[in-house]
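Please treat every number below as a calculation from the coordinates, not as lab data. This is a predicted model, so every value here is computed, not measured. With ideal geometry, Cβ positions are generated from the backbone for all residues, glycine too; neighbour counts draw on all protein chains shown.
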Amino acid sequence: MVGDVFKALADPTRRAILDELTDRDGQTLFELCSRLATKHGMGSTRQAISQHIDVLESAGLVRTRREGRYKFHHLDTAPLQQIADRWSVPDPEDD
């Protein structure tokens, strides 16, 4: 699982997708593609962005929900917290 998170974060397009979901959670694929093109100058196809989202979803960083014919994408930072917890150093003042 940790390896999947690092693999997902290694790609700049996937990090940009996470940035966009941080700015505005619950976007459709169309909205994400539009924002990536306008704000980041990325000309990736919808299919390419969809594949990136699949990697993020497999790593647990993105959750999706369907509403009618629309699919909304949501950021999930729980895997990042698990990584931080794994290597966190206890505060000596807590002893």
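For residue 25, no residue 5 or more places off, or on another chain, has a built amide H under 5 Å of its own. The chymotrypsin sites (Phe, Trp or Tyr not before Pro) of the range 1-87 meeting both criteria, a DSSP state outside H, G, I, E and B (loop) and at most 13 other C-beta atoms within 10 angstrom of the site's C-beta, are 87.
Would you mind finding the longest exposed-site-free stretch of the chain, with exposed trypsin sites (Lys or Arg not before Pro) meaning DSSP loop and at most 13 other Cβ atoms within 10 Å? With a cap of 13 other Cβ atoms within 10 Å, the longest stretch comes to 25-68. Rounded to two decimals, what ratio of Rg to Rh does the chain give with C-alpha atoms and a Kirkwood Rh? When Rh is taken as the Kirkwood radius, the ratio is 1.07.
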